[in-house]
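What follows is calculated from the coordinates using simple rules that are stated; it is not laboratory data. Fair warning: this is a prediction, and the values are worked out from it, not measured in the lab. Positions of Cβ are backbone-derived with ideal geometry, glycine not excepted, and every protein chain shown enters the neighbour counts.
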Amino acid sequence: MAQLAIAPVLFHLAFPVNNLADTKAYYIDGLGCEPGRENPHCLILKLYGHQLVAHVTDEPLTPPKNIYPRHFGLIFLAQPTGKTCAIAWSKKGLNFISRRAPAFPTLP
């Protein structure tokens, strides 16, 4: 089996939101993202070095029933880091669709 390589690149993810104030409360105050540029139509955020861009839309956003088919998340290379973040985020009362769990628990 080939080993997965960690590439020295960053990802960019753009996603729709209806309200920038709510978005700031969740991503900045809750998850600890660093705010970047902002205008009435979008907000740029930095999440562990990666770029998230929240674009305001008037279209209704239907909450997903589960994480599939669309989701994103952090992959922690050390379990203590992931646990520390999960505890801190739980204390802040952040809502998540799914609890953190290994996708393939029986595989190395």
TODO: Show which aspartates and glutamates lie in cross-link reach of residue 91 when reach means a straight Cα distance below 14 angstrom and same-chain residues fewer than eight apart are skipped.
DONE: 29
Open item on the list: Taking the Cα centre as origin and putting +1 on Lys and Arg beta-carbons and -1 on Asp and Glu beta-carbons, what dipole magnitude results for region 9-62, to the nearest 20 debye?
Closed with: 200
Open item on the list: What is the sum of charges, Lys and Arg at +1 and Asp and Glu at -1, for the other residues whose Cβ falls under 15 Å from the Cβ of residue 61?
Closed with: -1
TODO: Go through 24/46; 24/65; 24/83; 65/92 and tell me which ones have a Cα-Cα distance over 21 Å in this structure.
DONE: 24/65; 24/83; 65/92
